[in-house]
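The values are calculated or read from the model by the stated rules, or taken from the named source; none is laboratory data. Just so you know, these numbers come straight off a predicted model, no measurement behind them. So basically every Cβ, Gly included, is an ideal-geometry build from the backbone, and we count neighbours across all protein chains shown. Remember, those area values only see protein heavy atoms, side chains included, never the ligands or the DNA or RNA. Shrake-Rupley method; radii C 1.70, N 1.55, O 1.52, S 1.80 Å.
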Amino acid sequence: MASARQVNIAIIGAGGVGKCFLSQLESLAARRQNKQKLVLTYIATSKKAVYSDSYSPIALDSVVSTLSSSSQAPLALPKLVDYLAASGTKTVLVDNTSSQDIADAYPSFLRRGISIVTPNKKAFSGSYKLWQDIFAAKEEGGALLYHEASCGAGLPVISTIKDLVETGDEVTKIEGVFSGTMSFLFNSFAPTSGSGGGKWSAEVAKAKELGYTEPDPRDDLNGLDVARKLTILARYAGLEVESPTSFPVQSLIPKELEWRRSRPRPRRRARLSASSAASTWPASRSRSVSRSSTSLTPLLRSRAVTTSLASTLSGMEATPSLSRAPAPEVMLPPWVSPAISSRCLLSYKPALIP
């Protein structure tokens, strides 16, 4: 029988972000051993999985090799929901993918009390109905949900906006550099000093190799990645944005390359705007807050996921309080690379200032 202090961890995705996260999970588990016992009971990629009917712990120090040699297939999402819910133990699902199918299943997990930590933007920038279903299911199941890693490389933009809105402040403007990938590409292709001006395709290939881009770099180059982030932030600021196509952006991809993907794409495609520029609301008296962070490398994405997991674990053991939650145990590195940075400036009207 599992201890009351035990928290089961289930992971989907063990690529660049997933592998970095696994190394950090081992460290997090060691640091929290006096508070909670973290037990990895399920891990899967698109083709392989490791789990048992008895929810036996999976050793963190050898999980990568165990997964690569496994002959088990991953559970279908409905069966995974049932499997995790049947454990009788508090469970956190860590989704390290960018899968729309998994994002669509979030309400099913949350409704069964399974908390979620993820950098997956698609769950929160898809249809507005999915957004509503996710948060309704979260309340129904009493689960926790953290996705700070979906915007700003884990920079606390989402939590800052949530705090402002929940305390009655009015967000009037959000602006910034929302794509660390594009920032890297432009600085590398046309640096402010030194040599540059090589082939754009070579710079894109380099960015992908370094792990700065989305799994398909075209999601960065066509503006969709930025549009997704703006959708998420706009919704938290109180706007009922239907989808990323609500923002006009201009694609940087040649038309002949737009549709060359391994899977068929929908015929209708929204016209996208290239700018990483901001979504702006009518001006008002405002204050501003700003922070900066490095780009979405696998390391930083995974650190942001680990930070969100630490927040989730703190939420599981915390007693109700009117004060804000304590700072997560895992913090981002205190350095910023100007060549690959994400920056965000928030302007807001404080509720207590006329």
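Quick look at the numbers
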{"quantity": "Residue match in the stretch 188-205 (condition: of a type in the set (D, E, K, R), outside any loop (DSSP other than H, G, I, E, B) and at negative phi)", "calculated": "yes"}
{"quantity": "Pairs with Cβ under 6 Å, 6+ apart, first in the stretch 200-229 and under 11 Å from THR181 (Cα atoms), second among the basic types (Lys, Arg) and open to solvent by 30 Å² or more (accessible area, probe 1.4 Å)", "calculated": "PRO217/LYS208"}
{"quantity": "Helices (runs of 4 or more DSSP H) wholly inside the stretch 1-110 that include at least 3 residues being in contact (Cβ under 8 Å) with a residue 40 or more places away in the chain", "calculated": "16-31, 63-68, 77-85"}
{"quantity": "Selected residue [surrounded by fewer than 21 Cβ atoms within 10 Å (Cβ to Cβ) and either within 22 Å of GLY152 (Cβ to Cβ) or of a type in the set (A, V, I, L, M, F, W, C) (or both)] from ASP216, ASP220, ASP225", "calculated": "ASP216"}
{"quantity": "Complete set of residues in the stretch 233-260 that are aliphatic (A, V, I, L, M) and either crowded, with 23+ Cβ neighbours inside 10 Å or not in a helix (DSSP H, G or I) (or both)", "calculated": "LEU233, ALA237, LEU239, VAL241, VAL249, LEU252, ILE253"}
{"quantity": "Of all residues making up the stretch 127-167, the number that are open to solvent by 10 Å² or more (accessible area, probe 1.4 Å), in contact with a helix residue (DSSP H, G or I) (Cβ under 8 Å, 6 or more places away or on another chain), in a helix (DSSP H, G or I) and among the hydroxyl-bearing types (Ser, Thr, Tyr)", "calculated": "2"}
{"quantity": "Unique residue being on the phi > 0 side of the Ramachandran plot and surrounded by 19 or more Cβ atoms within 10 Å (Cβ to Cβ) when the list is TYR55, TYR106", "calculated": "TYR55"}
{"quantity": "Unique match (being within 17 Å of SER46 (Cα to Cα), touching a His at 6+ places or on another chain (Cβ under 8 Å), crowded, with 18+ Cβ neighbours inside 10 Å and not hydroxyl-bearing (Ser, Thr, Tyr)) among ASN96, ASN120", "calculated": "ASN120"}
